[in-house]
1. If packing is taken as the mean number of other Cβ atoms within 10 Å per residue, what is the order of 403-416, 420-433, 454-467, highest first?
2. Which length gain, in nm to one decimal place, applies between Ser24 and Asp415 when the Cα-Cα distance is subtracted from 0.36 nm times their residue separation?
3. Suppose every K and R has +1 on its Cβ and every D and E has -1 on its Cβ; what is the size of the dipole of the chain about the Cα centre, in Debye to the nearest 20?
4. Note down the accessible area of Glu269, probe 1.4 Å, to the nearest 10 Å².
5. So, taking all protein chains as they sit and a 1.4 Å probe, how much accessible area belongs to Asp374, in Å² rounded to tens?
6. For the chain, what relative contact order do you get, as a whole percent, if you take Cα pairs closer than 8 Å and at least 6 residues apart?
7. Accessible area of Arg214, 1.4 Å probe, to the nearest 10 Å²?
8. Round to a whole number: what % of the accessible area of the chain belongs to carbon and sulfur, probe 1.4 Å?
Amino acid sequence: MAQDFNPNTLYYGDCLDWMREWESDCVDLIYLDPPFNSNANYNVLFSDKGDGKAQYRAFSDTWSWDAAAAKRYQQFENAPARPAHDAMVGLRRILGKCGMLAYLTYMAERLEEMRRLLKPTGTIYLHCDPTASHYLKIVMDAIFGKDNFRNEIAWCYSTSGRPKRYFAKKHDIIFLYTKSDRAFWGDYRIPVSKEYLESHYRHTDAEGRRCRIRVDAGKTRIYYPEDGMICNDWWEIPYLNSMAEERLGYPTQKPLALLERIIEASSNEGDIVLDPFCGCGTAVEAADRLNRRWAGVDISSFAIDLVRKRLKDESIPVKGIPADLSSARKLAREKPFEFESWAVTRLPGFAPNTKQVADGGVDGRGMLFDQPDDWDSRLALAQVKGGKYNADALRAFISVINDGKAAIGRFITLDPVGSADAKSRAVEQGTIVVRGQSYQRLLLWSMDDYFNNRPCPLPPMTNPYTGKLMQQGLF
C-alpha cells in the first residue's frame with residue numbers, strides 16, 4: 001500500500017525502494033545528479049605506506065554487467081508495456097551485455113518511478129556527463145515522451161587539467177523534461193550583461209527609457225534591460241574548487257547557484273522538490289533557501305549526516321536510519337548490507353567497503369591522520385556483525401588486521417560482547433601510540449554503546465572523502 005510522501009525529510013536507502021512506496025503525482029520538481037557511468041573514481045586512494053597501492057576506494061561510480069544487471073534487463077525485456085521496454089531492447093542490440101547497459105537499466109527503472117511521482121505540472125532535470133548522455137536521452141524519450149523534451153542544457157565550467165591530444169572536457173549535460181504540456185515555467189530571467197546592453201539596447205522609448213526596439217513581421221516589440229533576459233541553454237556557472245567557501249568535501253558537490261537557477265525556473269514557493277540522489281544536499285539547501293518543500297534520498301548514511309550538518313538542523317526527520325537499538329536490529333535483519341554501511345560510518349573517519357560480498361572480512365576502512373609513534377601503518381579496519389557474537393568471526397578479523405598490518409581494528413556488534421575470552425583476545429593485540437596517547441589496537445564496540453553515547457576511542461582520523469583531518473563529532 002502506498003505511503004504518504006513527507007516533505008522536509010531525508011530518506012536513507014535506495015531511492016527506488018522509497019519511491020515505490022509513495023503515492024503518484026506528489027512531486028512538483030525532480031533534480032537528480034546520479035552516479036555517472038564515466039569510469040571515474042571520485043575517491044581517496046588509501047595506501048598505508050604511500051607506495052601507490054590503492055587499498056580502499058571511498059567512492060566509485062564504475063559499473064559492470066553482472067547478475068543484478070542481467071535481472072534488471074530481463075524484467076524490461078519481459079514487460080513490453082513498460083515505458084522503457086523498447087529502449088532497453090534496442091540498446092541491448094546496440095551495446096550488448098556491458099557496463100553501460102548495466103548503468104542504463106539501473107537508471108531506467110528509477111526514472112520510470114520518477115515519472116509516476118511527478119504531478120502533471122511537474123518537471124525533471126537529469127544531470128549527467130557526455131559519457132552516457134546520448135544513451136540517457138533515448139531512455140528519457142522513451143519514459144517521458146520525446147514531445148516532452150524541452151532542453152539539453154550544457155553546464156560549462158573551467159577546472160584544472162588540460163589534455164594534449166584533444167579538447168578539454170569542461171561541461172556536464174542536464175536534460176530538462178516535463179511530464180506534460182501543463183508543466184509550470186517560472187519565466188526565469190538573468191541580468192542583461194554589460195556587453196549585451198551596449199550592443200543591443202541602443203534605443204529610447206517615448207519616456208526616454210533605454211530599450212531595445214525590434215520590428216518582427218510588422219509587429220513592434222520593445223524590450224527593457226531591467227526585465228532581464230531568458231538565459232541560453234549553456235550556463236557558465238563556476239565549478240566549486242577545493243577552496244570554495246561552500247565546499248563541504250563531498251567528491252561530486254555541485255554549486256548552489258546551479259540548483260537555485262533550476263528551482264527558481266521550474267517551481268513556485270511551497271512546491272515540493274525531490275532529489276533522489278541528494279549527496280551532500282546542494283539541491284536540498286537551495287530548495288530550503290527558496291522556500292520550497294523538499295525531500296532528499298541517498299544510499300549513503302554519510303551523505304544523510306552531511307545534509308543535516310549542512311542545514312545546521314539535527315532535528316530534520318530521517319527515515320530508514322535507526323533511531324534506537326530496536327530499529328537497528330530491524331535494519332540488520334531486513335537489510336544487512338545497509339546496516340553494515342550505516343554501522344561503519346558511526347565511527348568518524350571510516351567509510352563502508354564498496355564490495356559487500358566476499359569482502360575479505362572487512363566492512364569498512366579508514367586512515368589515521370598521524371603516523372603512530374610505534375607502528376609503520378596508518379590503516380584502520382572495521383568489521384560489522386549484525387547477529388549474535390561469534391568467536392570464530394572475531395578470530396578471523398584478528399587475522400585480517402594482523403595480516404594487513406593495520407594500526408587499529410574495530411569489531412562492531414549490535415549488543416555488547418560480554419565474553420571474557422573476546423575481551424582478552426582484544427587486549428592481546430596490544431596498543432599503538434599517537435601524539436603521545438595510547439590506543440588499544442583492537443576494540444569491541446556495539447550499537448548499544450552508540451545509542452547510549454559511549455563513543456569508540458579513536459586516534460585523530462583522516463576524512464575518507466577529502467584526505468583532511470576528520471571533524472570529530474560529525475556523526
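The values are calculated or read from the model by the stated rules, or taken from the named source; none is laboratory data. In this text, all values refer to a predicted model and were calculated from it rather than measured experimentally. Neighbour counts are summed over all protein chains in view; Cβ atoms, including those assigned to glycine, are modelled from backbone coordinates with ideal geometry. Keep in mind that these areas ignore ligands, DNA and RNA; they rest on the heavy atoms of the full protein, side chains included. Shrake-Rupley method; radii C 1.70, N 1.55, O 1.52, S 1.80 Å.
1. Numbers: 403-416: 20.9, 420-433: 14.1, 454-467: 18.0.
Averaged packing, sorted descending, gives the order 403-416, 454-467, 420-433.
2. Additional length available on full extension: 136.7 nm.
3. For this selection, approximately 900 debye.
4. In the full protein context, Glu269 sits at about 130 Å².
5. Surface accessible to solvent at Asp374 totals approximately 80 Å².
6. Relative contact order, the chain: 15 percent.
7. Accessible surface of Arg214 is approximately 100 Å².
8. 48
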